[in-house]
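The values are calculated or read from the model by the stated rules, or taken from the named source; none is laboratory data. It should be emphasised that the depicted structure is a prediction, and the values quoted were computed from it without experimental measurement. Note that each Cβ is placed from the backbone with ideal geometry, even for glycine, and that neighbours are counted across all protein chains shown.
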Amino acid sequence: DICQDVLNLLDKFLIPKAGAAESKVFYLKMKGDYYRYLAEVASGDDRNSVVEKSQQSYQEAFDIAKDKMQPTHPIRLGLALNFSVFFYEILNAPDKACQLAKQAFDDAIAELDTLNEDSYKDSTLIMQLLRDNLTLWTSDAATDDTDANEPEGGN
């Protein structure tokens, strides 16, 4: 039950003591991630509970990140990446996943000149991952649409 131990540490010590926006967003993202890991293996009411906690953690982190951090900040980009994966894989909401990933990517592209030299590699790597997911997810959607338009049955 390592996930639960990490979540307890986050709730009791790390999140309450996080002063800077970066720290708070990082820990809330981590909390969302660990609840997402639990959601991957949970079922029934347990799954509903951890999915809800994951989404709440990601959303709180996302609200702070949008308000306090540059769109090119690697923690904000990493949050967008993981939150979009949550929408795609856990909530089965590909449209929302694509919208979130595309918005994060576009916002970062628009402010590439604000990229901090120290975080340039991290930020551009995460932007590439966002773009890779968008490419994959939109091709999945196109395949699904094609399948839906095919007549049932075979020859």
> Looking at (1) touching a helix residue (DSSP H, G or I) at 6+ places or on another chain (Cβ under 8 Å); (2) surrounded by fewer than 21 Cβ atoms within 10 Å (Cβ to Cβ); (3) part of a helix (DSSP H, G or I), which is the one condition that is false for ALA65?
Replying inline: (2)
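Yes or no, residue by residue, for (1) under 18 Å from ASN92 (Cβ atoms); (2) out of contact with any Phe, Trp or Tyr (no Cβ under 9 Å at 6 or more places or on another chain):
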{"residue": "VAL6", "(1), (2)": "no, no"}
{"residue": "GLU22", "(1), (2)": "no, yes"}
{"residue": "VAL25", "(1), (2)": "no, no"}
{"residue": "GLY32", "(1), (2)": "yes, no"}
{"residue": "ARG36", "(1), (2)": "yes, no"}
{"residue": "ALA39", "(1), (2)": "yes, no"}
{"residue": "ALA42", "(1), (2)": "yes, yes"}
{"residue": "GLU52", "(1), (2)": "yes, no"}
> How about segment 102-155: which of its residues are exposed (fewer than 13 other Cβ atoms within 10 Å of the Cβ), modelled with pLDDT of 95 or more, of a type in the set (S, T, N, Q) and more than 17 Å from PHE87 (Cα to Cα)?
Replying inline: GLN128
> Across segment 76-101, which residue is nearest to the chain's Cα centre (by Cα) among those that are surrounded by 16 or more Cβ atoms within 10 Å (Cβ to Cβ) and over 17 Å from GLY32 (Cβ atoms)?
Replying inline: CYS98
>> Quick check on my filter: what residues within segment 88-112 are assigned to a helix (DSSP H, G or I) and more than 18 Å from LYS66 (Cα to Cα)?
In response: TYR88, GLU89, ILE90, PRO94, ASP95
> Is it the case that segment 40-53 has a residue that's surrounded by 21 or more Cβ atoms within 10 Å (Cβ to Cβ) and farther than 28 Å from ALA142 by Cβ?
Replying inline: yes
